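A quick write-up on the structure given underneath.
The values are calculated or read from the model by the stated rules, or taken from the named source; none is laboratory data. Being a predicted model, the structure only gives us computed values, none of them experimental. Note that each Cβ is placed from the backbone with ideal geometry, even for glycine, and that neighbours are counted across all protein chains shown. Protein only, heavy atoms only, side chains kept; ligands, DNA and RNA dropped before computing areas. Shrake-Rupley method; radii C 1.70, N 1.55, O 1.52, S 1.80 Å.
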Amino acid sequence: MKKNTYTFRKLINDIHLWLGIGSGIIIFLVCFSGTILAFEHEIKDLFSNKLQIEKTENKKSVTELIKIVKNSNKGFVTGLSIPNNSNEAYTFSVKKDPKERRGSSVLVNPYSGEIQTVKKTSADAFLLSMFKLHRWLLLDMKIGRPIVGVATIIFLILSISGIILWFPRKLKWKNFKHGFKIKTNANWKRINHDLHNTLGFYACIFIVIMGITGLCWSFEGYRNGLSSLIGTKIFNRSSPELTISNSNKNIISIDEAIQTANNTLNYNGKLSVSLPNKRNNYYSFRKTDENNWSPVTTDKIYIDQTGAVLAVDIFNKKPLNVKIASLIKPLHTGEIYGTLSKVLYFLACLIATSLPVTGTIIWINKLKKKKKKK
């Protein structure tokens, strides 16, 4: 008679099974919304109105464009983005009330001065719903956020336990081969099993990265702990401590400040600037090198209104831990390597969305098999 011993593998299998059943619907919804959000910016661009630009010799200065925006009663300008492509419009950030948190955006033709308000589209509303589903399950933030956080922890456990179960009992190459491919000519139950087992293996590393980084939004304690672990603050949005000149003499124009920024960050790329305000009485620039390894690694420069360069913050010169901390969001969303990583994250999220479905089908098939034996 065979002795039924409760092995370590059986324990891992039970953990994987019951955690998966208990969290399946939440994981499905979070991963489904994440799949769509992988190309959030591209979807928005597809549905947004474009301002047609015809390049001419008479390009207006930024000072002139700010006056045009101000005179259009759109509000006062708080900042702008200058694209590297001369055939694209400038994007101005405007507010009608200083108390507004974000304000709105207007597109401006740098040659003709034509203005077009950036309007919300149906795509914006849909993607906002997907964002709320992804982060809070469309619930109140205080309720939904920890639920998603706990589901993320469970998904990390499922990923680790799944990898353990992926390894065959006998560690021989011929046994490993089955875990790398889907047997398409088998019956549907075997194909479903392979879809869960094989695709889960290939997506696992991306799921783990998304899970580890995603928890930074769910739990403040986790974020603070990870910050302590790597030795620098995650989501550090504080402004640098700068020595500002109190002199009102020789105040430079915005165009001169832009020229200084481009001379200091001497490469091709999109340039964004926040104008001086009551809180920060200086120009704050962000620039992204279009030839850099990542489209989300930005350099910063701060310029006094007198034209003095207060500080230069070059991403590639930062310590490794500071780089990691500043890349938490693009590591989570897949923007880290641009289109290539977005495609990989999209596929990984798509697979992750399917895992609760294929896993549940495997469980139901096993239940049916046990009933037949009885």
Exercise for the section: Answer yes or no as to whether LYS329 is basic (Lys, Arg), open to solvent by less than 50 Å² (accessible area, probe 1.4 Å) and under 20 Å from the mean Cα position of the chain (by Cα). Expected result: no
Handout entry: Selection status of ALA123, surrounded by 18 or more Cβ atoms within 10 Å (Cβ to Cβ) and assigned to a helix (DSSP H, G or I)
Key = no
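The rows are residues; the columns are (1) of a type outside the set (A, V, I, L, M); (2) more than 30 Å from VAL208 (Cβ to Cβ).
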| residue | (1), (2) |
| --- | --- |
| THR5 | yes, yes |
| ARG9 | yes, no |
| ILE27 | no, no |
| LEU51 | no, yes |
Exercise for the section: Take ASN281 and decide whether it is open to solvent by 70 Å² or more (accessible area, probe 1.4 Å), out of contact with any Leu (no Cβ under 8 Å at 6 or more places or on another chain) and modelled with pLDDT under 95. Expected result: yes
Fill in the blank from the handout: Filtering strands (runs of 3 or more DSSP E) wholly in segment 258-374 for at least 3 residues that are charged (D, E, K, R) gives 282-289, 298-304
Practice task
Return yes when LEU310 is open to solvent by 40 Å² or more (accessible area, probe 1.4 Å) and farther than 30 Å from PHE39 by Cβ and no when it is not.
Solution key: yes
Handout entry: Where GLU64 falls short, out of the listed (1) over 30 Å from the mean Cα position of the chain (by Cα); (2) modelled with pLDDT under 90; (3) among the charged types (D, E, K, R)
Key = (2)
Exercise for the section: Kindly list the number of the only condition in (1) without any contact (Cβ under 8 Å) to a residue 60 or more places away in the chain; (2) under 21 Å from ILE25 (Cβ atoms); (3) basic (Lys, Arg) that fails for LYS181. Expected result: (2)
Practice task
Within segment 138-159, identify whether any single residue is at pLDDT 95 or above, within 30 Å of ILE212 (Cα to Cα) and touching a Cys at 6+ places or on another chain (Cβ under 9 Å), and answer yes or no.
Solution key: yes
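Name every residue in segment 269-278 that is closer than 18 Å to ILE314 by Cβ, open to solvent by less than 40 Å² (accessible area, probe 1.4 Å) and not polar (S, T, N, Q), in order of residue number.
GLY269, LEU271, VAL273
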Practice task
Output yes when any residue across segment 340-353 is among the charged types (D, E, K, R), under 26 Å from the mean Cα position of the chain (by Cα) and open to solvent by less than 30 Å² (accessible area, probe 1.4 Å), and no when none is.
Solution key: yes
Handout entry: Matching residues in segment 117-134 - criterion: being modelled with pLDDT of 95 or more and among the basic types (Lys, Arg)
Key = LYS132
Practice task
Scan segment 186-193 and give yes if some residue there is aliphatic (A, V, I, L, M) and open to solvent by 40 Å² or more (accessible area, probe 1.4 Å), otherwise no.
Solution key: yes
Fill in the blank from the handout: Output for Cβ contacts, cut-off 6 Å, separation at least six or different chains, first residue touching a residue at least 24 places away in the same chain (Cβ under 8 Å) and under 22 Å from SER253 (Cα atoms) in segment 44-73, second surrounded by 11 or more Cβ atoms within 10 Å (Cβ to Cβ) and of a type in the set (D, E, K, R), reads SER61/ASP255; VAL62/ASP255; THR63/ASP255
Problem - Subset of segment 247-257 (residues that are open to solvent by less than 80 Å² (accessible area, probe 1.4 Å) and in a loop (DSSP other than H, G, I, E, B)) - result: SER247, ILE252, SER253
Problem - For PHE76: the one exception among (1) farther than 30 Å from LEU355 by Cα; (2) in contact (Cβ under 8 Å) with a residue 40 or more places away in the chain - result: (2)
Problem - Unique residue being closer than 30 Å to PRO330 by Cα, open to solvent by 30 Å² or more (accessible area, probe 1.4 Å), without any contact (Cβ under 8 Å) to a residue 12 or more places away in the chain and of a type outside the set (Asp, Glu) when the list is ILE205, ILE163, ILE212 - result: ILE205
Problem - Matching option when the condition is hydroxyl-bearing (Ser, Thr, Tyr) and in contact with a helix residue (DSSP H, G or I) (Cβ under 6 Å, 6 or more places away or on another chain), among SER238, SER218 - result: SER218
Exercise for the section: Answer yes or no: is there a residue in segment 20-40 that is at pLDDT below 95, among the acidic types (Asp, Glu), closer than 30 Å to PRO110 by Cα and under 24 Å from the mean Cα position of the chain (by Cα). Expected result: no
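Let me confirm something: among ASN197, ASN192, which residue is touching a Phe, Trp or Tyr at 6+ places or on another chain (Cβ under 8 Å) and polar (S, T, N, Q)?
On the way: ASN192 fails: touching a Phe, Trp or Tyr at 6+ places or on another chain (Cβ under 8 Å).
Residue meeting the stated conditions: ASN197.
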